[in-house]
Amino acid sequence: MNAFAKFTTLAILGSALTACGGNNISSGGAGQGPSTEAELLARTIDYLTLIDRPDALGPDALGPSGAITVASASGTASFTGVGLVAVNFDLISETGDAVLMGDAQIDVDFGNGDVDGSITNLFGVDLGENIDEYSGSIDISGGSIGGADHNDISADYVGTISGNDDTIVLSGQMFGTLLGNNSVKAIDMADFGTGTFNGSGASTLVGIVVEAD
């Protein structure tokens, strides 16, 4: 995933949450909230740490997985981390109709290349910096491993999420890279695609950064 997009998304959320203090969020997604803005700010900081960790470990520890590492991977491995969603996101003005993050979890079957998981517990801000927890989830499935580069990975995604009186419909295919040698330690995937925002066409970013459990 584009590093600037990742950190800008987190910075927008961190700034909005810091400015608002500790009020309760008025509505929560299924199975969550209402959370306080302080609680959501703490989650934002945790996500930032997770996203930064692959770079902090350095290229020797967590560079793209080599051919031997990928070929020797077998069975199913679970990965957890952060999912990012942005709708009509402008990197220059650092605004968007929705800038969200949540929990990402995937299982990867290295035998047949299948990827299965989801992005859940999403929260974020709209263009007016209104903060909300979003109901719904993004399902991740299908996929492949390998291809032109042995460390490539892809997966399909689809979902409908709602919050801040907005409805966002997403579908597409994320592409990314297996990271780590001796074993696959992390996965970074993203898609700069299209979806709908309140029924109108929209540009979207959907991505995940996850680490092996």
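Read-outs throughout are calculated quantities, based only on the coordinates presented, and are distinct from any laboratory measurement. Predicted model only: the values in this text are computed from it and were never measured. No Cβ is skipped: glycine too gets one built from the backbone with ideal geometry, and neighbour counts run over all protein chains shown.
Results, tabulated for the structure shown:
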item	result
Packing-based order for 115-127, 160-172, using average beta carbon neighbours within 10 Å, highest first	115-127, 160-172
Ordering of 99-107, 187-195 by packing [mean C-beta count within 10 Å, highest first]	99-107, 187-195
Added length on full extension, which subtracts the Cα-Cα distance from 0.36 nm per residue, Thr177 to Ile45	45.1 nm
Virtual spin-label span in nm between Thr80 and Val158, 7 Å along Cα→Cβ	2.7 nm
Spin-label proximity, Ser72 to segment 143-182 - amide N less than 12 Å from point 7 Å beyond Cα toward beta carbon	181-182
Extension gain (nm, one decimal) between Leu91 and Ser144, 0.36 nm per residue minus Cα-Cα	16.1 nm
